[in-house]
Amino acid sequence: MALTEDQIERYSRHIILSEVGGEGQEKLLGGKVLLVGAGGLGSPAGLYLAAAGVGTIGVIDGDVVDLSNLQRQIAHTTEDLGKPKVESAANAMRDINPDVNVRTYHTRMMADNALDLIADYDFVIDGADNFPTKFLVADACHLAGKAYSHAGILRFDGQTMTVVPNESACYRCVFVKPPPTNSVPSCSQAGVLGVLAGVVGTIQATEAIKYILGTGGLLTNRLLTYTALNMTFREIKVKRQERCPLCGSDPTITELHDEVEAVCDLSAR
Amino acid sequence: MKLTVNGESVDVGDGINVTELLKVQEVKMPDMVSVELNGEILDRDKFDNTTLNDGDTLELLYFMGGGA
Ligand SMILES: [Zn+2]
């Protein structure tokens, strides 16, 4: 696939980088990334991936745009209220870059559709807003051998790590299983500093781009934590666990199942 | 004895276990924390009977389920 003149100009600041070049840009145009969630993390990730010329971007989300989303979910506009998020996110990505083929899935990722959904993609970005989906992404990506970026945000804090199945520590190596459903403050009412999502989602997009390019070092075997309130980043070394239920030597998770949905309990905080 | 918790040096009573450390560290919701002790993720059901030693390094890793 040869770059057109327009593409050479559009991507000139990439092409001039020796680590990218015309060849890397062609890799990006041939790359396929799935965004699980078109919310706080998925919005910035999707917009930057589209701008970067990642050729195929899938986006799965069952929700519609709500006014309270717009404080941080920058792929959607005030005019999009009530529209499926996948639609408004797709429009935003296409507006930035008509080169990009955006595929939308207006549904929720579940055990019975996860493997089909991720099958055609090179890299998965977990921008889900709940533990069942985060663990499902980890399980499905492991079983399908797909690299993914985990991330979570809450209040002023974020965390992210990249997983290359069977090579680096996975999400379950660190977090094993979802926390008890009565203790989870992950729901929207717990609050989140909007711009935090931009920082973390953009790191996830960076990982996807480097993975497709095959250049640099990925955020593997390291959990990066970010505290916006103090502007501190910490990197915690994590390693594959022999007893990991997913990628350990004697795994107990060999097929997908849906984890129980947590109920928000604000009184717990 | 001295421990390193999330990169910071912490002075605690000799021989406390992981559950007690979480209390000392004012972790309000222990269920929302995964504990890495000297590089290994500790089983949750071993928090009570894992006694810490001087010089141990711990990371308290918080579950973060948000994304939207
Ligand atoms: Zn694992």
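The values are calculated or read from the model by the stated rules, or taken from the named source; none is laboratory data. All figures in this text were calculated on a predicted structure; none of them were measured in a lab. Here the Cβ positions follow ideal geometry from the backbone for every residue, glycine too, while neighbour counts run over all protein chains shown. With ligands, DNA and RNA removed, areas are computed over all heavy atoms of the protein, side chains included. Shrake-Rupley method; radii C 1.70, N 1.55, O 1.52, S 1.80 Å.
Some observations on this one:
- On the stretch given as the range B:23-36, residues that are more than 10 Å from every other protein chain (Cβ to nearest Cβ) and surrounded by fewer than 20 Cβ atoms within 10 Å (Cβ to Cβ) total 5.
- Residue match in the range A:158-165 (condition: within 16 Å of the ligand (Cβ to nearest atom), surrounded by fewer than 21 Cβ atoms within 10 Å (Cβ to Cβ) and either at pLDDT 95 or above or within 13 Å of chain B (Cβ to nearest Cβ) (or both)): yes
- Taking first residues from the range A:109-128 that are among the hydroxyl-bearing types (Ser, Thr, Tyr) and partners that are buried (at least 24 other Cβ atoms within 10 Å of the Cβ), the Cβ contacts under 7 Å between residues at least 6 apart in sequence or on separate chains come to A:Tyr121/A:Val33; A:Tyr121/A:Leu34.
- Per this entry, A:Val54 is not counted among residues that are assigned to a strand (DSSP E or B), open to solvent by less than 10 Å² (accessible area, probe 1.4 Å), aliphatic (A, V, I, L, M) and touching a helix residue (DSSP H, G or I) at 6+ places or on another chain (Cβ under 9 Å).
- Residue match in the range A:140-150 (condition: away from the ligand (no atom under 16 Å from the Cβ), free of Cβ contacts under 8 Å to residues at least 60 places away in the same chain and surrounded by fewer than 18 Cβ atoms within 10 Å (Cβ to Cβ)): no
- Test for B:Asp45: is it more than 9 Å from the chain's Cα centre (by Cα) and modelled with pLDDT of 95 or more: no
- Any hit, the range A:69-77, residues being within 16 Å of the ligand (Cβ to nearest atom) and open to solvent by 10 Å² or more (accessible area, probe 1.4 Å): no
- Considering the range A:108-139, the residues that are more than 14 Å from chain B (Cβ to nearest Cβ) and open to solvent by less than 10 Å² (accessible area, probe 1.4 Å) include one that is nearest to the chain's Cα centre (by Cα), namely A:Phe123.
- Search result, residues across the range A:178-235 that are open to solvent by 30 Å² or more (accessible area, probe 1.4 Å), part of a loop (DSSP other than H, G, I, E, B), modelled with pLDDT of 95 or more and of a type outside the set (Ser, Thr, Tyr): A:Leu193, A:Gly214, A:Gly216, A:Gly217, A:Leu218, A:Asn221, A:Leu229, A:Asn230, A:Met231
- Exclusive hit being open to solvent by 30 Å² or more (accessible area, probe 1.4 Å), within 10 Å of another protein chain (Cβ to nearest Cβ) and more than 24 Å from A:Leu196 (Cβ to Cβ), set B:Asp54, B:Asp48, B:Asp43: B:Asp43
- In the range A:215-262, the residues that are within 16 Å of the ligand (Cβ to nearest atom) and within 15 Å of B:Glu59 (Cβ to Cβ): A:Asn221, A:Arg222, A:Leu223, A:Ile236, A:Lys237, A:Val238, A:Lys239, A:Gln241
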